[in-house]
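I have placed the structure first, in the form of structure tokens, so that the comments after it can refer back to it.
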Amino acid sequence: MSTAAAVLERCARLGLLSEEPGRLVRRYATPAMREANDLVAGWMREAGLAVREDAAGNLIGRRGDGRALVLGSHLDTVIDAGRYDGPLGVLAGVALVERLRDAPLPFALEVVGFADEEGVRYPTSFLGSSAMAGRFAPAWLRLADADGVAMADALRAFGGDPDAVASAARAPGELVAYCELHIEQGPVLERRGAPVGVVTAISGQTHARVGFRGEAGHAGTVPMDARRDALCAAAEWVLAAEALARDRPGLVATVGRLEVDPGARNVIPGEARLSLDVRHGSDAVRREAIADLRGEAQRVAAARAVQLAWEAHGETAAVPTEPQLSERLADAVAAAGRPVERLPSGAGHDGVAMAAIAPIAMLFVRCAGGISHHPAESVSEADVAVALDVLERFARALACGAAERP
Ligand SMILES: [Zn+2]
């Protein structure tokens, strides 16, 4: 069996470890996660890695001494998940260690399976990698899940140590680099006909709540030219937002929620409330877009004599991948005889947290139809083979570079 086929077979076996029969659900510190860590730990040992778990429940396999090149991703899943988002990166790391078994390297190799990236059981972001990056918020331990179980208790039952989560933190300088292989979760590589892509940045995000307030009235008696229809204003703005985002390369803007009051067939909408989600790999481009979207909302509101309410609801900065490291990854793609495609990640990843303590790089693998967070998630063996080849070339080139440095 090829290494890629073995990786996919392991993804399939891991995909059977679930909290629920019939669909894949593997949340933080659950018995299903315990089984997943134990299964992957066995594969890590077979690959010659010494295995441990840190206090937050992250699974860590290591070979060698000194500073480490870390390959990793997460082993938790969303609800009704596919089998590749997360596990593919961990198992590719294990496969890489196997392929480098006899290679003398000037750094240690580590494979990490983060215990929670998706934040499904508790409302956290990048829990596992945040612990490793020294950014775990102690208040998280008091969060309760849907069954009222506090995180501290869940972690203790899992075998971790809530009182020692700080000990999971790695010092900046301990890591040569953090490199994550992940399915793309979008259709861009498929459209470009490329098996893999080098990630330029993990996009920053702005969220806002937008409201248009007009005047409710009788659907039969108020003439069209006497109306202040909040939904018509919202609709005009939604389409304007779509046009603006289409016009700017790489920008994505989404209105995912729309509530209309009073919400009756025979009443003119008096109020419309919308959510806005805007993302881009460049913070400057994103902020300019937000200012323009707000200006557009003001224009629509003025033209239709409705009131506008605009409430900022959170923002995260873009996290660029490390340029030199990403160039090395791009060189490895070229050396593997593949076109070098670069793209930002519109979804968040563990690299966001890891960037605080290490240079980060990410390699995306094409996924069928851009589908993710869904059981239909799929990657091809041929593409995974390319990705493994690229990772191996990348690690070997990094080793040469490290050996050359005084
Ligand atoms: Zn993921």
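The values are calculated or read from the model by the stated rules, or taken from the named source; none is laboratory data. As the structure is a computational prediction, the values presented were derived from the model and not from experiment. Heads up, the Cβs are rebuilt from the backbone with ideal geometry, glycines too, and the neighbour counts pull from every protein chain shown.
Out of Arg62, Arg52, one residue alone is in a strand (DSSP E or B), surrounded by fewer than 23 Cβ atoms within 10 Å (Cβ to Cβ), without any contact (Cβ under 8 Å) to a residue 12 or more places away in the chain and away from the ligand (no atom under 16 Å from the Cβ). It is Arg52.
Take the residues of region 215-269 that are of a type in the set (Gly, Ala, Ser), assigned to a helix (DSSP H, G or I) and within 34 Å of the chain's Cα centre (by Cα): which is surrounded by the most Cβ atoms within 10 Å (Cβ to Cβ)? Of everything passing the filter in region 215-269, Ala234 is surrounded by the most Cβ atoms within 10 Å (Cβ to Cβ). Residues in region 308-366 that are in contact with an Asp or Glu (Cβ under 7 Å, 6 or more places away or on another chain), among the aliphatic types (A, V, I, L, M) and over 24 Å from Asp116 (Cβ atoms): Ala336 only.
Of the residues making up region 184-210, just one is in a strand (DSSP E or B) and either under 18 Å from Gly128 (Cβ atoms) or without any contact (Cβ under 8 Å) to a residue 40 or more places away in the chain (or both), namely Ile202. Got at least one residue in region 315-334 being polar (S, T, N, Q) and modelled with pLDDT under 95? Looking for residues that are polar (S, T, N, Q) and modelled with pLDDT under 95, one finds at least one in region 315-334, hence yes. A count restricted to region 19-45 and to residues that are in contact (Cβ under 8 Å) with a residue 24 or more places away in the chain and part of a helix (DSSP H, G or I) stands at 8. The condition of being more than 18 Å from Ala131 (Cβ to Cβ), in a loop (DSSP other than H, G, I, E, B) and among the aliphatic types (A, V, I, L, M) holds for only one of Leu88, Leu16, Leu109, that being Leu16.
Taking the numbered list (1) of a type outside the set (A, V, I, L, M, F, W, C); (2) free of Cβ contacts under 8 Å to residues at least 24 places away in the same chain; (3) in contact with a helix residue (DSSP H, G or I) (Cβ under 6 Å, 6 or more places away or on another chain) in turn, Glu259 passes all entries but (3). The residues on offer are Ala81, Ala92, and the sole one that is modelled with pLDDT of 95 or more, of a type in the set (A, V, I, L, M) and within 26 Å of Ala157 (Cα to Cα) is Ala81. Evaluation of Ala81 against the conditions (1) farther than 20 Å from Gly15 by Cβ; (2) in a loop (DSSP other than H, G, I, E, B); (3) within 16 Å of the ligand (Cβ to nearest atom) shows that the sole unmet condition is (1).
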